[in-house]
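The values are calculated or read from the model by the stated rules, or taken from the named source; none is laboratory data. Since the structure is predicted, the reported quantities are computational estimates derived from the model, not experimental observations. Quick reminder, even Gly has a Cβ in these numbers, built from the backbone with ideal geometry, and neighbours come from all protein chains shown. Just so you know, the surface numbers come from the protein's heavy atoms only, side chains and all, with ligands and any DNA or RNA stripped out. Shrake-Rupley method; radii C 1.70, N 1.55, O 1.52, S 1.80 Å.
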4 protein chains.
Amino acid sequence: MAELAYKSALIVGAGQGLSGSVAKLFVGHGLKVTLAARSVDDLAPLVEEIGCDAFACDASDAAQVAKLFADLDGAGAAPDVVVYNPSYRTRGPLVDLDPVEVQRTLTVSAFGGFLVAQQAVRRMLPKRHGAVLFTGASASVKGYPLSAPFAMGKFALRGFAQSIARELAPQGIHVAHFVIDGGIRSARRAEPADKPDSLLDPDAIALSYLHVLQQPRSAWTWEIELRPWVEKF
Amino acid sequence: MAELAYKSALIVGAGQGLSGSVAKLFVGHGLKVTLAARSVDDLAPLVEEIGCDAFACDASDAAQVAKLFADLDGAGAAPDVVVYNPSYRTRGPLVDLDPVEVQRTLTVSAFGGFLVAQQAVRRMLPKRHGAVLFTGASASVKGYPLSAPFAMGKFALRGFAQSIARELAPQGIHVAHFVIDGGIRSARRAEPADKPDSLLDPDAIALSYLHVLQQPRSAWTWEIELRPWVEKF
Amino acid sequence: MAELAYKSALIVGAGQGLSGSVAKLFVGHGLKVTLAARSVDDLAPLVEEIGCDAFACDASDAAQVAKLFADLDGAGAAPDVVVYNPSYRTRGPLVDLDPVEVQRTLTVSAFGGFLVAQQAVRRMLPKRHGAVLFTGASASVKGYPLSAPFAMGKFALRGFAQSIARELAPQGIHVAHFVIDGGIRSARRAEPADKPDSLLDPDAIALSYLHVLQQPRSAWTWEIELRPWVEKF
Amino acid sequence: MAELAYKSALIVGAGQGLSGSVAKLFVGHGLKVTLAARSVDDLAPLVEEIGCDAFACDASDAAQVAKLFADLDGAGAAPDVVVYNPSYRTRGPLVDLDPVEVQRTLTVSAFGGFLVAQQAVRRMLPKRHGAVLFTGASASVKGYPLSAPFAMGKFALRGFAQSIARELAPQGIHVAHFVIDGGIRSARRAEPADKPDSLLDPDAIALSYLHVLQQPRSAWTWEIELRPWVEKF
């Protein structure tokens, strides 16, 4: 196994189920990992398990994101890998949606991705080295009925990621977008016994996040979709 | 020419170059037209030319959008066609973008589309009749480098439109998204003499907006792209 | 109604249900129409109704396609509009498909489109004027299970159409591809009484074919999809 | 490194530059590899280097493909992984294309993929286990001007692959399509000294082919695109 070209990963939205698997796999491949989430309390088990730092940060707040990166600078831990996981959604018929919740869906799912990427890339550009990974969903590429806000937020994140992939790749920064096309297995969500592997195993997803970091720059992927073998698409 | 099934159109973002052409063509086909824009002063020439009402409304402000539709209700002019044109953009390298401007790009380009569509559809649903048309751009389907905020906003609007198209079509409401893939000819922007028709003529664009309103419900389009014959794509 | 910029249309695959509606609408807008199909017998009612010429031609055979266009040249009827409708399909599980039928699906659905377009464009290019319209299907953009050959053929036709749209638009030739995303109403296929307009009315489809011919060159569409209001997509 | 779930790979179109890298990487991960190409002579160096079997087979000929798989059956070497690499192209202005060459482009690039996949899947289905990997190109997703035949062939292969991915995934067979979006480095094609890694290194591509084989079935990819960091897209 070739050593990774990266040293230090920041995982934002680390309360999401996927984050633990990614964090552990990255640590296992020699990356220092730092976590950030709105509530650090939720991260306690993971922090203990892998022995990493955790920061409280609302990724949709510009000042908090700026402070997070300043703190990492201070700790000499500016990441050369950033994973952006946060998402939020409200759903229902268009006519019943609460504008405040719609705005929040857009802010958490997309605007926060901009805030985090901007701070991260400011540190990566001088070294012409780094990777920024965004977690998308089925809604990133298909606008489902009764879920307009999430489509708005996830399409927005994808458009943003595609734009900065084009801008930053020639500067040595690998931007990738993952379309997670199915439900993710978790403590709260198990698959039926007669439908094995019908939910995405977060450990399985993490393998593809790692793979993207292992890609030599002559063959970079900007988007990869993942779904269970039995998922309709 | 078959008569249109619609009676009354509201054009939001009516200060945009495209809006005058759409308004005039709609009026010519028997639609009553109402305009809305942040500044009604800009609309004066058009209002005078076609003799329509105009309302001041910042489409990214929920209260103003609600008031606009309440006013239209009061005037007995609830529209069965709505065109959403507003867009705003900031651009530049990711690291130089102003978060306030990025937020505004997202709000005007996408969130306002939600606000307007929600109010409009509340009036259309009981009649199971109406049309909502969204103006997109090249950036709706391709994230260009150095233009991440606009990609975010326009992808978001497209995801939103696609979601509500799926939700509302079976309820008799036609939602369509137009990908305007090129520059639009205007008083401020003329094409080179040796490149005739290399910018989109707003009158030509308007023909396709009208066509979508003419489509019988057995053959509806949800997305149509338009570009000059010489445009690279 | 502005007069069309075109004079003479050739409809290939004229035995398809869509063709009659397109032919009649085109004639009604002043176009001379010529039909071509493998069997002219099938065309007799249409020929009688609109009083046009009909030619026997297997569009997947290079020699027959060349002869068709030579005959049209001889009759002074080289078309400036060509509509390519033929399609053929075999379906079933991959392991049960007959290679001969798969080959035929590819040949009729895609290769024939090349043969016809090539002959047509040879006549259009010197005048830098013409339009070539291709009829696609849901399978043009989504590969459905148990229907691999049709996906192969229709994706192929779309790729071909997109390539020549890019090549020929700047030379004044408008190439467009129609994604017919649903079943088409016909003598043999009626919709359930409780699901009105759940099949595409061929007359409704024809309106969009006509619209594309009416587009000024500053705002051309290369692809348009059409589906019934109640169709899932 | 987890052991692969696969045992034996057949690489078709093994004369293509990519095949050597894939073959070597697969062998290094414990797969038995068999090569097939129109001319086995071209394979001699690779056969010698990795000590594998090689078969002559024109993948666009149904009888030869059937014989290849019968021979593999006889040798007890029915593959549970198949990689389809062959492609062929003719290019130029539409009006100058030779129909025979266009037909051949379609046959080699797409129809051969069907022939090979059908034979392979007949052997995989009873075990509900296997993987079929298709090599695509930029032309798989974008129809470039002056290259209509290749767009036709590569779109066709993609549509085919997508259809059988949907059909076969729930039966335990992983179908994946690789969009190789750039030139591949080879003995005949080197990159400029001032543009390092501006061509895809076949060894780098091979890593992603291997990765797809390593994916657990709860998180399968059906399509992955790869391009050099400096490639425009």
### Summary
Cα extents of the stretch B:13-70 along the principal axes, largest first, in whole Å, come to 32, 20, 17
### Query
Applying the Karplus parametrisation 6.51 cos²θ - 1.76 cosθ + 1.60 with θ = phi - 60° to the phi angles of the stretch C:98-113, what ³J(HN,Hα) value in whole Hz is obtained for each residue in order, glycine and proline being reported as x?
8, x, 5, 6, 5, 4, 5, 4, 5, 5, 5, 6, 10, 4, x, x
### Task
Please work out how many pairs of lysine residues in chain C are eight or more positions apart (or on different chains) and have Cα atoms closer than 23 angstrom.
12
### Query
For A:ALA56 and B:SER39, FRET efficiency with R0 = 45 Å and r from the beta-carbon atoms, rounded to 0.05?
0.60
### Message
Give the B-A buried accessible area in Å², both sides summed, 1.4 Å probe, nearest 100.
### Response
3300 Å²
### Message
Suppose every Lys and Arg Cβ carries +1 and every Asp and Glu Cβ carries -1, with no other charges. What dipole size does the protein assembly as shown come out with about its Cα centre, to the nearest 20 debye?
### Response
0 debye
### Query
Other chains near D:180-193: what is the mean number of their Cβ atoms within 10 Å of each residue's Cβ?
1
### Query
Given label points at 7 Å from Cα along Cα→Cβ, what nm distances, shortest first, separate C:ALA193 from the same residue in every other copy?
4.9, 6.9, 8.3
### Message
Taking beta carbons within 10 Å but only from partner chains, what does the mean come to for residues A:24-36?
### Response
0
### Message
If you consider only alpha-carbon coordinates, what radius of gyration and Dmax does the stretch D:124-187 have, in Å?
### Response
14.0, 44
### Query
Using a simple spin-label model with points 7 Å from Cα along the Cα→Cβ vector, what separation in nm is obtained for C:HIS29 and C:ALA66?
3.4 nm
### Task
With all distinct Cα pairs included, what does the Kirkwood hydrodynamic radius of chain D come out to in Å, to one decimal, could you say?
18.0 Å
### Summary
Here the stretch B:74-133 gives, from Cα atoms, an Rg and Dmax in Å of 15.7, 49
#### Entry: Per-residue HN-Hα couplings for the stretch C:211-218 [Karplus 6.51, -1.76, 1.60; θ = phi - 60°; Hz; x = Gly/Pro]
4, 4, 5, 8, 5, x, 5, 7
#### Entry: Compactness of the stretch C:152-200 - radius of gyration and Dmax, Cα, Å
16.2, 48
### Task
Quick one: P(r) of the stretch A:69-174 from all Cα-Cα pairs, 10 Å bins, percents rounded to integers, in order of increasing distance.
15, 41, 27, 13, 3
### Task
From largest accessible area down, sort D:THR90, D:THR221; use a 1.4 Å probe on the protein chains.
D:THR90, D:THR221
### Message
Tell me the carbon and sulfur percent of the accessible area for chain A, rounded to whole percent, probe radius 1.4 Å.
### Response
51 percent
#### Entry: Sites D:GLU48 and D:ASP73 - FRET efficiency at Förster radius 30 Å, r taken between beta-carbons, to 0.05
0.75
### Simple spin-label estimate for D:VAL95 and A:LYS7 in nanometres, 7 Å along Cα-Cβ
6.2 nm
#### Entry: Share, in percent, of DSSP beta bridges within the protein assembly as shown that are antiparallel, nearest 5
5 percent
### Query
Label-to-label distances across copies for B:ASP96, with labels 7 Å out along Cα→Cβ, in nm, shortest first?
4.3, 4.7, 6.2
### Query
If you count, for each residue, the other Cβ atoms within 10 Å and average over each peptide, how do C:118-130, A:14-26, D:73-85 line up from highest to lowest?
A:14-26, D:73-85, C:118-130
### Query
Using every alpha carbon pair in the stretch D:181-222, what percent of pairs falls into each 5 Å bin from 0 up to the bin containing the largest distance?
5, 20, 22, 16, 13, 11, 8, 5, 1
### Query
Averaged per residue, what accessible area in Å² does chain C show with a 1.4 Å probe, protein chains only?
36 Å²
### Task
Ignore the peptide's own chain and count Cβ atoms of other chains within 10 Å of each Cβ in C:207-216; give me the average, rounded.
5
## Note on the structure
Amide H contacts under 5 Å for D:ASP53, restricted to residues at least 5 apart in sequence or on another chain and with H modeled in the peptide plane, are D:LEU35
### Task
With a 1.4 Å probe on protein heavy atoms only, tell me which residues of the stretch C:78-94 lose at least 40 Å² of accessible surface in the complex relative to the chain by itself.
C:LEU94
### Query
For the stretch D:1-126, what is the charge dipole size about the Cα centre, in debye to the nearest 20, if Lys and Arg each add +1 at the Cβ and Asp and Glu each add -1 at the Cβ?
340 debye
### Query
Considering only the label points, 7 Å along Cα→Cβ from Cα, what distances in nm to one decimal separate A:SER39 from the same position in each other copy, shortest first?
4.7, 6.9, 7.1
### Message
Can you compute the charge dipole magnitude of chain D about its Cα centre, using +1 on each Lys and Arg Cβ and -1 on each Asp and Glu Cβ, nothing else charged? Give it in debye, rounded to the nearest 20.
### Response
600 debye
#### Entry: Estimated distance in nm for a label pair at A:ASP194 and C:ALA190, the labels positioned 7 Å out from Cα along Cα-to-Cβ
4.0 nm
### For C:PHE134, residues with placed amide H under 5 Å, excluding near neighbours
C:TYR84, C:ALA176, C:HIS177, C:PHE178
### Task
Could you estimate the translational diffusion coefficient of the protein assembly as shown from the Stokes-Einstein equation, with Rh from the Kirkwood formula over C-alpha pairs, at 25 °C and 0.890 mPa s, in whole µm²/s?
84 µm²/s
### Query
So how long is each side of the stretch B:1-112 along the principal axes, counting just the alpha-carbon atoms, biggest first, in Å?
52, 29, 26
## Note on the structure
One would report the Cα pair-distance distribution of the stretch A:157-233, bin width 5 Å, in %, as 3, 14, 22, 19, 16, 11, 9, 5, 2, 0
